[in-house]
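Heads up: the structure comes next, in structure tokens.
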Amino acid sequence: IASIFAFATCGGFKGQTEIQVSCPPTITENKTITATFGYPFRLNEASFQPPPGVNICDVNWKSYVLIGDYSSSAQFYVTFAVFVFLYCIAALLLYVGYTSLYLDSRKLPMIDFVVTLVATFLWLVSTSAWAKALTDIKIATGHNIVQELSPCKKKEILCYFGSVTSMGSLNVSVIFGFLNMILWGGNAWFVYKETSLHSPSNTSAPHSQGGIPPPTGI
């Protein structure tokens with residue numbers, strides 16, 4: 001369930017950022033241009049769009065885009081979360097349907113333990129990378145875009161930052177990423193208890209007791 005929330009809150013995001021533009025005395029009232037972005041957050045493909053049929057300050061705003069490509073971090077995070085979800089389904093079927101096979105085998109618990117440790121580490125890596133990318137996305141779609149747009153650097157064009165879609169769901173995706181890391185890290189202990197590392201073979205028990213075994217019978 002936690003992995004579902006992780007990839008759903010990130011992969012389903014759509015938003016836009018707005019800029020108010022005017023160029024007195026030609027256009028005295030502010031006109032809005034917008035740039036729409038979303039998963040996988042290739043901001044360098046999100047161009048600005050003026051209102052249909054409106055020429056704002058004789059600038060081809062569609063040729064200007066946001067800055068940055070954060071698709072690698074976002075796709076790594078979402079793809080890994082999806083694979084974890086599928087692995088959880090397969091593990092649940094094994095635990096419920098083939099419990100005796102799992103308990104009688106020495107390899108399956110060990111494989112499960114290793115996969116759990118790897119998953120915990122990858123949750124840390126993927127979530128940290130996505131959290132850093134999200135911070136950069138907020139900067140790239142925030143007030144700084146006014147300073148980066150070439151037309152806004154001209155004296156005759158006045159640009160003001162308007163608004164940007166709330167990224168609360170993306171913050172939630174980061175929280176669920178670290179929550180998954182904690183869950184998998186805690187689960188590693190329970191899986192470890194099923195392995196031979198926690199319950200070593202009893203073949204060495206007589207050797208550890210020392211002394212001479214008592215005679216059998218009288």
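Once you have the alpha carbon radius of gyration of the chain, what is it after dividing by 2.2 N^0.38 Å, with N set to its residue count? The partial results should precede the final answer.
On the way: Rg = 28.4 Å, N = 218, 2.2 N^0.38 = 17.0 Å.
Taking the Cα Rg and dividing by 2.2 N^0.38 Å, one obtains 1.67.
Highest average first, the peptides 25-31, 12-18 ordered by how many other beta carbon atoms sit within 10 Å of their residues are 12-18, 25-31.
How far, in nm, would the chain grow between I175 and K14 when pulled straight, counting 0.36 nm per residue and subtracting the alpha carbon separation?
Numbers: separation 161, 0.36 × 161 = 57.96 nm, distance 1.88 nm.
Once the chain is fully extended between I175 and K14, it gains 56.1 nm.
For region 81-98, the Karplus equation 6.51 cos²θ - 1.76 cosθ + 1.60, evaluated at θ = phi - 60°, returns couplings of 4, 5, 5, 5, 4, 5, 5, 5, 5, 5, 5, 5, 5, 5, 5, 7, x, 10 Hz by residue, with Gly and Pro reported as x. Rolling a 1.4 Å probe over the protein heavy atoms of the chain, with every protein chain left in place, gives an accessible area that is 64 percent carbon and sulfur.
Separation of region 24-68 and region 79-118, taken as the distance between their Cα centroids, equals 49 angstrom.
Entry comment: accessible area of region 1-193 is 54 Å² per residue, from protein heavy atoms only and a probe of 1.4 Å. Partner lysines whose Cα lies under 25 Å from the Cα of K31, excluding those fewer than 8 positions away in the same chain, are identified as K14, K62, K138, K153, K154, K155. Kindly express, to the nearest 10 degrees and within the range 0 to 90, the angle between helix 107-140's C-alpha long axis and the longest C-alpha principal axis of the chain. For 107-140 against the chain, the angle is about 20 degrees. Working note: 222 nm ellipticity from helices only, DSSP H runs with n ≥ 4, each -39,500 (n - 2.57), summed and divided by the residues of the chain, gives -17000 deg cm²/dmol to the nearest 500.
Scanning residues 5 or more positions from T141 or on other chains, none has an amide H under 5 Å from its amide H, with H placed 1.01 Å from N in the peptide plane.
Angle of helix 168-192 to the longest C-alpha principal axis of the chain, folded into 0 to 90 degrees and rounded to 10: 10°. May I ask for the net charge around P52, where only other residues with Cβ less than 13 Å from the Cβ of P52 are counted and Lys, Arg are +1 while Asp, Glu are -1? So the surrounding residues net to +2.
Which of the peptides 95-103, 117-125, 149-157, 169-177 is most tightly packed, and how do the rest follow, going by the mean number of other Cβ atoms within 10 Å of each residue? List each step's numbers first, then the result.
On the way: 95-103: 10.8, 117-125: 17.2, 149-157: 14.7, 169-177: 20.3.
So the order, starting with the most tightly packed, is 169-177, 117-125, 149-157, 95-103.
Extension gain, K138-R106: 0.36 nm per intervening residue step, less the Cα-Cα distance, totals 6.7 nm.
The values are calculated or read from the model by the stated rules, or taken from the named source; none is laboratory data. The structure presented is a predicted model; accordingly, all values stated were derived computationally and were not measured. Cβ: placed from backbone, ideal geometry, glycine included. Neighbour counts: every protein chain shown. Ligands, DNA and RNA are stripped out before the accessible areas are found, and what is left, the full protein with its side chains, is counted by its heavy atoms. Shrake-Rupley method; radii C 1.70, N 1.55, O 1.52, S 1.80 Å.
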